[in-house]
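A quick write-up on the structure given underneath.
Bear in mind that the values in this text are calculations on the coordinates, not laboratory data. No experiment lies behind these values; they were computed from the predicted model shown. Every residue, glycine among them, receives a Cβ derived from its backbone with ideal geometry; neighbour counts consider all protein chains shown.
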Amino acid sequence: MFSDHFTKLRPQFLILFILFSSVSILAQETVTPPKFKECLEYVDTKEIKACVSKRISNLIRKKLKVEKFQSQLHPGNNLIMVDFIIEKDKTINYFTINHPNEEIRNQIEKILSKIKFHTPAMHDGKGINIFYTIPIVIRELPSRVKPNPLYKNSGLALDNSNVENAQVLKYNLDEKLNKKIEFRDFDEIIKRRYLSSLYNNINIYKISSFLEKGTNTIDASFTINKNRELINLSVHSNSEHVSNYIKEVIQKLPKLSPVYKNKEPQEAHYKLVLAYKKESN
């Protein structure tokens with residue numbers, strides 16, 4: 001999926017553009033995505049998304065100055081989830097960017113806010129507001145000094161059956177929207193969003209010397225109660241220092257929303273796995 005040829009001075013990165021949900025209609029209803037002028041010839045939804053994705057990817061590749069924040073990247077794949085609303089007047093607003101570095105957030109928001117769409121998202125012949133998420137993946141050279149996050153060995157899962165088929169709502173949406181956005185695919189949305197936020201907020205220098213050579217696994221569990229409070233947080237690893245530090249980071253992250261069943265909030269129990277690979281001591 002990723003090229004093996006990249007440089008230290010400018011890491012290669014891959015941009016994906018994926019429609020997850022809409023502000024004003026349910027996901028299963030027919031929506032025509034917003035279009036650039038260069039995408040007007042396409043009618044099929046997949047072709048429109050591919051065209052828009054290609055243009056946004058090229059724009060970010062061209063404008064993003066990675067060298068200004070390269071020191072903030074960890075080795076391997078850095079996943080940054082960017083949320084925003086494309087409004088029916090074709091403007092882009094309400095950015096949420098899950099990275100602690102201000103330079104990264106400012107650059108991405110500045111680039112995307114200048115994008116001009118030719119037509120908004122359409123439903124039944126009318127323009128609508130629509131919610132998008134862009135996963136931006138920046139691949140930094142693997143390091144023999146700093147441990148590399150292993151996304152493929154990581155996971156986040158609901159651990160209680162009483163919320164089966166319940167709606168899982170997006171967390172950390174700008175409160176100005178004052179709207180709930182429905183999500184249907186827990187694994188593909190919440191998992192990626194939460195794990196990328198967690199890895200991005202972990203200062204690898206604070207735990208590197210406590211990790212062993214090879215793969216290091218960190219297991220955690222916690223509960224989000226009906227009031228959106230994080231409780232019963234437990235973290236286990238081979239190092240008490242690592243466990244305590246990861247616990248601090250989790251507590252500072254934006255909280256997941258409670259899950260909903262029959263429009264009522266439900267207590268939700270989660271299991272979390274993080275993994276790092278360390279090449280040398």
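What does the stretch 13-140 give for Rg and for Dmax, in Å, if only its C-alpha atoms count?
14.9, 47
Check Val259: other-chain or 5+ apart residues with amide H under 5 Å from its amide H, H built from backbone geometry?
Result for Val259 returns Gln266, Ala268.
Summing Lys, Arg as +1 and Asp, Glu as -1, what charge do residues with Cβ under 12 Å from the Cβ of Asn225 carry, Asn225 excluded?
Numbers: positive: Lys226, Arg228, Lys255; negative: Glu229, Glu267.
That works out to +1.
Between Lys90 and Lys261, take the C-beta separation as r, use R0 = 35 Å, and let me know the FRET efficiency to the nearest 0.05. Walk me through the numbers on the way to the answer.
Numbers: r = 37 Å, r/R0 = 1.04.
Given R0 = 35 Å and the Cβ-Cβ separation, E is 0.45.
From the phi angles alone, apply the Karplus equation (6.51, -1.76, 1.60; θ = phi - 60°) to the stretch 265-274 and give each ³J(HN,Hα) in whole Hz, x where the residue is Gly or Pro.
With the stated coefficients, the stretch 265-274 comes to x, 10, 5, 10, 9, 10, 10, 10, 10, 10 Hz.
Would you grab the residues whose amide H sits under 5 Å from the one on Arg139? Only those 5+ places off in sequence or on another chain, please, with H modelled 1.01 Å from N.
Gln12, Phe13, Leu14, Asn78
Go through 55-61, 241-247 and give me the packing order, highest mean Cβ count within 10 Å leading. Don't skip to the end; give the middle numbers.
Numbers: 55-61: 15.9, 241-247: 17.7.
For the peptides 55-61, 241-247, the packing ranking is 241-247, 55-61.
Please work out how much length the chain gains when fully extended from Arg228 to Arg61, using 0.36 nm per residue of separation minus the C-alpha to C-alpha distance, in nm with one decimal. Could you put the intermediate results ahead of the total?
Details: separation 167, 0.36 × 167 = 60.12 nm, distance 3.71 nm.
My answer for the length gained is 56.4 nm.
Long-range amide H contacts for Leu233: which residues qualify at under 5 Å (H placed 1.01 Å from N, peptide plane, sequence gap of 5 or more or a different chain)?
Thr223
For a quick check: sort Tyr94, Tyr194 by the number of other beta carbons within 10 angstrom, fewest at the front.
On the way: Tyr94 17, Tyr194 21.
Neighbour counts put them in this order, fewest first: Tyr94, Tyr194.
Using Cβ contacts closer than 10 Å as the measure, can you line up Thr217, Thr32 from fewest to most?
Arranged by neighbour count, lowest to highest, Thr217, Thr32 become Thr217, Thr32.
To the nearest 0.05, how large is the calculated FRET efficiency for Lys68 and His118 if R₀ is 41 Å and r is the Cβ-Cβ distance?
Numbers: r = 31 Å, r/R0 = 0.76.
Computed FRET efficiency for Lys68 and His118: 0.85.
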